Amino acid sequence: MSTSAGAGHTPAGEAAPSLPQLHEAGITGADAILAMVSEDDASLDLLEVGQARLLGNYRQAPIVLERGRGCEVWDTRGRRYLDLCAGVAVSSLGHAHPRLTAAIAAQAATLVHASNYFYNVENVRLAGELCARLGYDRAFFCNSGAEANEALLKMTRRHFWAKGQKDRYRIVAFHHAFHGRTLGAVSMTGTPKYKEGFGPPLQGFTHVDYGDLEAVRATMGPDVAAIIVEPVQGEGGVVPPPPGFLPGLRLLADEHGALLLVDEVQTGMGRTGRWLGQEHEGVKGDAIALAKGLAGGVPIGAILLGEHLAGALPPGTHGSTFGGNALACAAARTVMKVIEEDGLLAAVTARGEHLGHGLAALAEKHPRVCTGERGRGLLRGLVLAPGYEPRELLNAVRERGVLLTAAGTNVLRFTPPLVVTDAEIDEGLARVDEALAGVAR
C-alpha cells in the first residue's frame, strides 16, 4: 500500500501500517495517525496510537483493555485477565456490576451535572447517607483523592486562621506516605521522588517515621495544626500501623489542640473489612478523605468532617466544578447500598484472610524471592526479598493472565474487587506461584 500525507483511511481489508513504517516513509503527526485507521477500524493499533499520543507519564503495560465483567477483563486481542488490582482499589464492585451500571445509565438519562450553584438530589442524598453511615456531620465532594486531601489541607489551615491562630499551620505527616499528586498533596507526601523537579514544595510540613509515636510527640508544638495519617500505608508498601499508634496520634492531637486527619482514600469504603480503616483502631479523625472505591470507578472524592469544622471553608474559599455531580453521587449511593445489602464487609474480612494465608504460604514456599505478607482485608502486599524488582514480577504475573500493582519499592499489591471469590483468589495465587518459581530460576 502507498500512503501520502492526507491520504486518509486504509482501504478495507488491507492491513494498516505501523507508526514506525509511516515515520520511515516521512509521514508523521496527525497524518500518521489517520493513515493507521482502516475504514472499519479493524486494523487500528491502539497500543501504537497510545504510545505516540499519550503524555507518557505512566509506565503502562503493553496491553489495551477493552471490557470487563466481575473480576475479569479482556484486552483488544481478546485475551482474558484476572483483575486483582481493581484499578488500584477503585472498582470495588468489579466490572459491569448490573446494579451499578443500571444506576449510572438511569442517572445519565436524568441529570448528569448541574454545578454547585444549586443543590442536586443525588448530591444531597449521598451527603446524608455518608454522614449517617460513617459518623460525620458534613461532606464536601470533589473528584479524586488528591483533591480530597488538598481540601483537608486548606480546611485545616483556614480553620485556625479564622480562630486567630495565624501561625498555626504546620502539618505532621509520615515518611513513605502518599496523599496525591497536586503540589499541596505532594508536599504532605513523605516520599521524596514525588517532589523531584517541581521546585520548592509548600512550606509547613514535618515528616517522621510511620509508627513512631515518640517522634510525633517530639515534633508537636503550638504551630502544629494537624497530623495526617493513613490507617494502612498503601503506596508506601501496604504497611499497617503498629498497635496503639493511631490511638496515640488521637491523644497527641487532642493534647496539643491540633486536628487528626485520616486519609481513607485507599482504605475506606470497605477495603479493609470495615467501612473505614480507622475503625480497626477505635479511632475517629476530625476529618477524613475518601475517593478510590467510593463510586466503583466513577471519579469522585470527598471529605467528611465534624460540625466543629463546618465553618472552616465558607463560600468563596474552596470549590470543585465537577465535584458532587449527580452522576458520580448516584454511583456512590449504589456502591454503598450493594456493600451493605450484599454483606460485603464480612465477605472482605473472610476473603482477606484467605488471601493473606495464601500469600504467607507463597512466601514460605519461595523464601529466595519473597519474605512475607502484610495488610488488612483486601488490601494486601507480598514483600519481595532484596534483589527482586516488583516490575519484573508484575510482568511475569501479567503474562500468566493476572493483573496486580506494585507498592513501595519491594511489594506486590493485591487490591481485588470486594466481590472477588475464593476460587478467583486461588486462581490468582496459582499464577503468582508460577511467576515466583520462574523468577527464582
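Being crowded, with 23+ Cβ neighbours inside 10 Å and basic (Lys, Arg) is a property that does not hold for LYS284. For HIS113, the stated conditions hold: it is modelled with pLDDT of 95 or more and either assigned by TED's automatic domain parsing to the domain that holds THR321 or farther than 26 Å from ALA295 by Cβ (or both).
Assess whether GLY268 counts as being closer than 27 Å to HIS354 by Cβ and crowded, with 24+ Cβ neighbours inside 10 Å. Yes: the conditions hold for GLY268.
Contact map, region 282-300: first residue more than 29 Å from LEU252 (Cα to Cα), second residue of a type in the set (S, T, N, Q) and not in a loop (DSSP other than H, G, I, E, B), Cβ cut-off under 8 Å, separation 6 or more or different chains; pairs are GLY296/THR334.
Please determine whether any residue of region 246-257 is assigned to a loop (DSSP other than H, G, I, E, B), at pLDDT 95 or above and at positive phi.
yes
Within region 136-185, the set of residues being basic (Lys, Arg) and in a loop (DSSP other than H, G, I, E, B) comprises LYS163, LYS166, ARG168, ARG181. Taking region 326-345 as the range and being part of a helix (DSSP H, G or I) and either of a type in the set (D, E, K, R) or on the phi > 0 side of the Ramachandran plot (or both) as the test, the residues that pass are ARG333, LYS337, GLU340, GLU341.
Taken together, the residues in region 107-135 that are touching a strand residue (DSSP E or B) at 6+ places or on another chain (Cβ under 9 Å), small (Gly, Ala, Ser) and in a loop (DSSP other than H, G, I, E, B) amount to 1. Could you check ALA295 against (1) crowded, with 21+ Cβ neighbours inside 10 Å; (2) within 21 Å of ASP137 (Cβ to Cβ) and say which number it fails? Failing condition for ALA295: (2).
Only one entry in VAL348, VAL383 is of a type outside the set (Phe, Trp, Tyr), outside any helix (DSSP H, G or I), at pLDDT 95 or above and not assigned by TED's automatic domain parsing to the domain that holds ARG274, namely VAL383. In region 65-81, the residues that are more than 14 Å from ASP45 (Cα to Cα) reach residues that are among the basic types (Lys, Arg) and assigned to a strand (DSSP E or B) with C-beta atoms within less than 9 angstrom, at least six apart or across chains, in these pairs: GLU72/ARG80; VAL73/ARG67; VAL73/ARG80; TRP74/ARG67; TRP74/ARG80.
The values are calculated or read from the model by the stated rules, or taken from the named source; none is laboratory data. Bear in mind the structure is a predicted one, so any value in this text is a computation, not a measurement. Every residue, glycine among them, receives a Cβ derived from its backbone with ideal geometry; neighbour counts consider all protein chains shown.
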